[in-house]
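Asks: The structure under discussion is supplied below as structure tokens; questions concerning it will follow.
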Amino acid sequence: MIIKKFVPCIYLYNNHAVTSLTDTSVVETDPLRLVRLYNENNADELIVFDMSEGDAEHEAALEMIKDICALAEVDVIGAGNIKRMEDVKKLLYAGCKRAILDYEKESNIAATEEISLKFGCDKLLASYNDPAVLEEHRELLEKYISGLVLMNPHQIRETQEIVCSPFYVQINNIALNKLMEIFAYDNVCGVTGNAINDNYKDILSLKTLCKENGIQVETFEAAYKWADFKKNSDGQVPVVVQDYRTREVLMVAYMNEEAYDQTIRTGKMTYYSRSRQELWLKGETSGHYQYVKSLTADCDMDTILARVSQVGAACHTGARSCFFNEITKKDYQETENPLQVFQEVYDVIKDRKVHPREGSYTNYLFDKGIDKILKKLGEEATEIVIAAKNPGASEVKYEISDFLYHMMVLMAEKDISWEEITTELAKR
């Protein structure tokens, strides 16, 4: 069953958010404010349409998209102003997880195969108004595109009859109860457009309504009930809060049953304030929300480890972490552990080899064999050299990441582990 998503969008014009693709009336001068609101109200993804005109405006839009991607707690999909592969590349460099090719443009259709082979079909969606385009380019779409975006909500049934691919529907005006009818279509994976933008505050209640109607939506599901925990004498459980990226310990707080249930329901850390004796949504007054990435109980089921995306400071003093009063310390060298990142990516690649997934670019490389892997590795090495000749480091970082990914595919193909590589390096 496809998970249904609520996907607001930002129509970006002159670095402002405007009404729609056909109406440039400004609705928000600061698009980042909208991103924060969508974060806070349980949006599942975000689409940004670049409506810029001219090279200078386009570059400014890309900078704004980069800021949007950095701030968004959800995946950002980039669209608009795509004329060639380079434009998709820039969107992905900016931080977009996927890009939308406009199938109203012949140039986008013609470039589909090349772009897909470069970045992978999982990075591409195709937008369209008339389902006839799906009939005409069915083979191309099935092979090189991972999903669709229907820009005309009156063509849902026709799209459903033609393709098996998941598709988003852009809707500008609809009664909220009618969303249930839209989501009832098997292949509809999400709704975007002003129907979501104008009702972002209702996303959480709409998700609840969906679940009550048997529609699967993006929410947290707890593997343990509150009764499964061992509580302290006040009926509470301590929570150790950790930054999910850096693993830095940010704070310790307490949950009661209501706080636990609220955290699971909203995806934002909620505690019980022992001093005020009331429920406490972290960030409600400061804006320094903590977005849940994972909750894990310890072996005795009496403590919770919360890994979160922390907005701003965790401590009421304004410090990033509450733990800054040093008691004593022995001198030691603090080092980051990039190998952890490499190992996590490598593990996913190895898993793809053992458990192939349809549409996976990694499985495409394994299926094509060693010559294809080596060819891609050589191409990515060349891309690094070319990128290094240009000013700035963004392209170099992106191309090195591409190279390392393809190198790990080769390692998995040859069954070489990171431990073997680091051991060999340590000998030199």
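The values are calculated or read from the model by the stated rules, or taken from the named source; none is laboratory data. Computed from a predicted model, the values in this text were never measured in an experiment. Glycine gets a Cβ as well: all are built from the backbone with ideal geometry, and neighbour counts include every protein chain shown. Keep in mind that these areas ignore ligands, DNA and RNA; they rest on the heavy atoms of the full protein, side chains included. Shrake-Rupley method; radii C 1.70, N 1.55, O 1.52, S 1.80 Å.
Asks: Can you pull out every residue in segment 233-272 that is free of Cβ contacts under 8 Å to residues at least 12 places away in the same chain and either open to solvent by less than 30 Å² (accessible area, probe 1.4 Å) or farther than 15 Å from S309 by Cβ (or both)?
Replies: Across segment 233-272, the qualifying residue is only S233.
Asks: Any idea which residue in segment 382-428 is modelled with the lowest pLDDT, counting only those that are open to solvent by 80 Å² or more (accessible area, probe 1.4 Å) and under 30 Å from L91 (Cβ atoms)?
Replies: Of everything passing the filter in segment 382-428, P391 is modelled with the lowest pLDDT.
Asks: On to the next question. Can you work out which of the residues in segment 21-76 that are under 14 Å from Y11 (Cα atoms) and of a type in the set (S, T, N, Q) is least open to solvent (accessible area, probe 1.4 Å)?
Replies: So the residue we want is S52.
Asks: From the list E221, E181, which one is within 24 Å of F167 (Cα to Cα), out of contact with any Cys (no Cβ under 7 Å at 6 or more places or on another chain) and open to solvent by 20 Å² or more (accessible area, probe 1.4 Å)? Full working, then the answer.
Replies: Numbers: E221 fails: within 24 Å of F167 (Cα to Cα).
So the residue among E221, E181 that is within 24 Å of F167 (Cα to Cα), out of contact with any Cys (no Cβ under 7 Å at 6 or more places or on another chain) and open to solvent by 20 Å² or more (accessible area, probe 1.4 Å) is E181.
Asks: Restricting attention to helices (runs of 4 or more DSSP H) lying wholly within segment 320-399, give those where 3 or more residues are more than 27 Å from I145 (Cβ to Cβ).
Replies: Because the criterion is at least 3 residues that are more than 27 Å from I145 (Cβ to Cβ), the helices (runs of 4 or more DSSP H) in segment 320-399 that meet it are 338-354, 370-388.
Asks: From the residues in segment 296-305 that are of a type in the set (A, V, I, L, M, F, W, C) and touching a residue at least 40 places away in the same chain (Cβ under 8 Å), which one is least open to solvent (accessible area, probe 1.4 Å)?
Replies: Within segment 296-305, the first condition is being of a type in the set (A, V, I, L, M, F, W, C), and the residues that meet it are 297, 299, 301, 304-305.
If we keep only those that are touching a residue at least 40 places away in the same chain (Cβ under 8 Å) as well, we get 297, 301, 304-305.
Working: A297: 34, M301: 34, I304: 5, L305: 55 Å².
It comes out as I304.
Asks: Looking at E57, E104, E86, can you tell me which residue is without any contact (Cβ under 8 Å) to a residue 12 or more places away in the chain, outside any strand (DSSP E or B) and out of contact with any helix residue (DSSP H, G or I) (no Cβ under 6 Å at 6 or more places or on another chain)?
Replies: The conditions single out E86.
Asks: Free of Cβ contacts under 8 Å to residues at least 60 places away in the same chain, out of contact with any strand residue (DSSP E or B) (no Cβ under 6 Å at 6 or more places or on another chain) and within 30 Å of D243 (Cα to Cα): is that true of A393 in this structure?
Replies: Criteria met by A393.
Asks: Given the condition out of contact with any His (no Cβ under 9 Å at 6 or more places or on another chain) and assigned to a strand (DSSP E or B), answer yes or no: does some residue in segment 308-317 qualify?
Replies: Yes - at least one qualifying residue is present in segment 308-317.
Asks: Moving on to the next point. Quick one: which residue in K368, K376 is surrounded by 11 or more Cβ atoms within 10 Å (Cβ to Cβ), farther than 20 Å from K97 by Cα, of a type in the set (D, E, K, R) and touching a His at 6+ places or on another chain (Cβ under 8 Å)? Break it down stepwise before answering.
Replies: Working: K368 fails: touching a His at 6+ places or on another chain (Cβ under 8 Å).
After ruling out the rest, the residue left standing is K376.
Asks: Quick one: would you say D371 is modelled with pLDDT of 95 or more and of a type outside the set (A, V, I, L, M, F, W, C)?
Replies: Yes, satisfied.
Asks: Still on this structure, I have one more. For residues that are in contact (Cβ under 8 Å) with a residue 12 or more places away in the chain and more than 21 Å from the chain's Cα centre (by Cα), tally how many sit in segment 143-160.
Replies: 10
Asks: Got a number for residues in segment 138-157 being over 23 Å from I182 (Cβ atoms) and either of a type in the set (D, E) or touching a Phe, Trp or Tyr at 6+ places or on another chain (Cβ under 9 Å) (or both)?
Replies: Final tally of qualifying residues: 2.
Asks: Another question about this same structure. Output the residues belonging to segment 1-48 that are farther than 20 Å from S309 by Cα and in contact with a Pro (Cβ under 9 Å, 6 or more places away or on another chain).
Replies: I2, I10, L12, N15, H16, A17, I47, V48
Asks: In this structure, is Y272 among the hydroxyl-bearing types (S, T, Y), touching a Leu at 6+ places or on another chain (Cβ under 7 Å), at pLDDT 95 or above and over 19 Å from E40 (Cβ atoms)?
Replies: yes
Asks: What number of residues within segment 123-140 satisfy the criterion of being free of Cβ contacts under 8 Å to residues at least 12 places away in the same chain and either open to solvent by less than 20 Å² (accessible area, probe 1.4 Å) or not acidic (D, E) (or both)?
Replies: Step one: of segment 123-140, the residues free of Cβ contacts under 8 Å to residues at least 12 places away in the same chain are 132, 136, 139.
Of the ones still in play, those that are also either open to solvent by less than 20 Å² (accessible area, probe 1.4 Å) or not acidic (D, E) (or both) are 132.
Qualifying residue count for the region: 1.
Asks: For segment 274-284, name all the residues that are farther than 18 Å from V35 by Cα and open to solvent by 50 Å² or more (accessible area, probe 1.4 Å).
Replies: R274, S275, R276, Q277, E278, L279, W280
Condition check ((1) in contact (Cβ under 8 Å) with a residue 24 or more places away in the chain; (2) assigned to a helix (DSSP H, G or I)) across all residues:
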residue	(1), (2)
A17	no, no
L37	yes, yes
N42	yes, no
L46	yes, no
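Asks: Can you pull out every residue in segment 94-109 that is open to solvent by 30 Å² or more (accessible area, probe 1.4 Å) and either closer than 14 Å to D130 by Cβ or not hydroxyl-bearing (S, T, Y) (or both)?
Replies: G95, K97, R98, D102, E104, K105, E106
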